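Data first, discussion second: the structure below is written as C-alpha cells.
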Amino acid sequence: HFHIGGYQAIELIRLTNLTPLLWVRVDPLGLYGGRISVSQPDACLAEQLFYDGDASAQLDAIRSLAERPLAIQPPTKITAVYDVNISELPIRVLGDCLRGSPALHSSLPHTPIVRANAALAMAQWQNNKGPPTRDSMNPDSWIGLNLLMQYFKERFYSNSVVMPVKFTRIALKKNEAETRAEAAANSDSGAGVPKATHDDGFYYFDNLGEGSERA
C-alpha cells in the first residue's frame, strides 16, 4: 500500500527518526507492578508496530500513535517527506497496518485483533484531530475518515454496491435446557450412543436442507 512517491508510510516515517534507536520497551514481561510511561518519537512507535512480534507491544504502539502528534511535541525542521506532511504520518502508519501491509517481523499482515485496534485508533485520531465543525471541506481535515472509507471500499464495495458478507458456517448456540434434554433422550435410547461433543451444543444452519426449519 503505497503513498506519494511509491513509498509505504513506515518508510516515510523512518526518514524522520533522528535517534540511533529503532524503539524502546521497558519491562516487556510486565513484572513491575507500577505504571511505566515511555515517550518515543513517532518513527520509533512505527518501528515497534511493524518490527516487534509481541502483540502487546504492537497494541501499545497503536495506542500511542493514536495520540500523535502530541501538542507538546517539539517542532522539527522537517515539515514533509515526499510531499506527505509529518503530522499525517502516524495515521498513515495505522492505515497501512489496518489494510494488511506485511509486519516486518513475520512478512505477514498483523493479526485480526491488532488490525481491529488499528481501526479504532484511527477513529480516535480523527476525533482528536478533526475540525471543529463537520461542514469543513478541507480534505486534510478528514484523513483518518478517508483512510477508513478507503479500506471499507477495498474490502466490501463493488460498483457502488456494498457487498454482502458470505459466511461459510453460521452457528447458533443451544440453550442449556435443550442440550440437557437431548442428552437425556440419547441416554434413554439405549447403549451405543456416541459421546457428546462440543459441536452438539450448536445448530449449524449451513447443514440444514431446503426443507428444514431454520428456527
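The values are calculated or read from the model by the stated rules, or taken from the named source; none is laboratory data. Keep in mind that what you see is a predicted model, and the values were worked out from it rather than measured. Every residue, glycine as well, gets a Cβ built from its backbone with ideal geometry; the counts of neighbours run over all protein chains shown.
Here are the numbers:
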| quantity | calculated |
| --- | --- |
| When residues of region 25-66 are limited to those that are of a type in the set (S, T, N, Q) and part of a loop (DSSP other than H, G, I, E, B), the one farthest from Trp125 (Cα to Cα) | Ser37 |
| Residue tally, condition in contact with a His (Cβ under 9 Å, 6 or more places away or on another chain) and not in a loop (DSSP other than H, G, I, E, B), over region 89-114 | 7 |
| Checking Lys77 against (1) touching a residue at least 40 places away in the same chain (Cβ under 8 Å); (2) part of a loop (DSSP other than H, G, I, E, B), the condition it does not meet | (1) |
| Positions within region 12-24 being part of a loop (DSSP other than H, G, I, E, B) and in contact with a helix residue (DSSP H, G or I) (Cβ under 9 Å, 6 or more places away or on another chain), in sequence order | Leu15, Thr16, Asn17, Leu18, Thr19, Leu21, Leu22, Trp23, Val24 |
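To keep it simple, each residue is scored yes or no on (1) closer than 18 Å to Leu45 by Cα; (2) surrounded by 12 or more Cβ atoms within 10 Å (Cβ to Cβ); (3) in the same structural domain as Tyr51 (by TED's automatic domain parsing); (4) over 16 Å from the mean Cα position of the chain (by Cα).
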residue: Leu108; (1), (2), (3), (4): no, no, yes, no
residue: Ala118; (1), (2), (3), (4): yes, yes, yes, no
residue: Pro131; (1), (2), (3), (4): no, yes, yes, yes
residue: Asn138; (1), (2), (3), (4): no, no, yes, yes
residue: Ile143; (1), (2), (3), (4): no, yes, yes, yes
residue: Tyr151; (1), (2), (3), (4): no, yes, yes, no
